[in-house]
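A.B. asks: Take this structure first; my questions come after.
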Amino acid sequence: MTVAPKKSAVSYKMKRQFALIKPSTKTWIGLGLKFNDKAHTQRLETSGPFGTMCTHRVQITDVKQIDDELVN
């Protein structure tokens with residue numbers, strides 16, 4: 001895995017980019033993810049401002065939200 005810091009975000013890549021972390025506001029961080037066949041849920045939202053690179057995003061407002069469900 002390669003971690004690639006960018007101007008306003010951090011990209012995670014294997015062969016292709018699969019995750020992007022970037023601050024969205026003063027109160028939450030956006031985690032953009034790329035999935036081929038994962039349904040959107042209340043927590044796993046549409047990509048929003050991440051555009052076409054990501055298919056889903058998670059809004060993280062508290063470190064407690066980085067739990068086993070998110071890691072899996």
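A.B. asks: For the chain, which longest stretch is free of loop sites, where a loop site is one of the trypsin sites (Lys or Arg not before Pro) that DSSP puts outside H, G, I, E and B and that has at most 16 other Cβ atoms within 10 Å?
C.D. replies: 44-72
A.B. asks: Separation between the Ser8 and Arg43 pseudo-spin-labels, each 7 Å from Cα along Cα→Cβ, expressed in nm?
C.D. replies: That separation, rounded to one decimal, is 2.8 nm.
A.B. asks: Here is a further query. How much of the accessible area of the chain, probe 1.4 Å, is carbon plus sulfur, in whole percent?
C.D. replies: 55 percent
A.B. asks: For the chain, please report how many Lys pairs fall under 18 Å Cα to Cα, leaving out neighbours fewer than 8 apart on the same chain.
C.D. replies: The result is 11.
A.B. asks: I've got another one for you. Would you list the P(r) distribution for the chain, with all Cα-Cα distances sorted into 5 Å bins from 0 and each bin expressed as a whole %?
C.D. replies: 4, 16, 27, 29, 19, 6, 0
A.B. asks: For region 28-67, max minus min Cα coordinate along each principal axis, in Å, sorted largest first?
C.D. replies: Principal axes ranked by extent give 27, 18, 13 Å for the Cα atoms.
A.B. asks: Moving to a separate point now. Measuring with a 1.4 Å probe in the full set of protein chains, what accessible area per residue, in whole Å², belongs to the chain?
C.D. replies: For the chain, the solvent-accessible area averages 76 Å² per residue.
A.B. asks: Given the DSSP H assignment, sum -39500 (n - 2.57) over each helix run of at least 4 residues in the chain and divide by its residue total; what's the result at 222 nm in deg cm²/dmol, nearest 500?
C.D. replies: -1000 deg cm²/dmol
A.B. asks: I'd like to know which of Gly32, Ala4, Leu70 lies farthest towards the positive end of the charge dipole of the chain, counting +1 on Cβ of Lys and Arg and -1 on Cβ of Asp and Glu.
C.D. replies: Ala4
A.B. asks: Next up: Count the net charge of all other residues whose Cβ sits under 13 Å from the Cβ of Pro5, scoring Lys and Arg as +1 and Asp and Glu as -1.
C.D. replies: With Lys, Arg at +1 and Asp, Glu at -1, the neighbours total +4.
The values are calculated or read from the model by the stated rules, or taken from the named source; none is laboratory data. All of these numbers come straight from a predicted model, not from anything done at the bench. Cβ sites come from the backbone with ideal geometry, for glycine too, and all protein chains shown count toward neighbours. Ligands, DNA and RNA are excluded from the accessible area calculation, which covers all protein heavy atoms including side chains. Shrake-Rupley method; radii C 1.70, N 1.55, O 1.52, S 1.80 Å.
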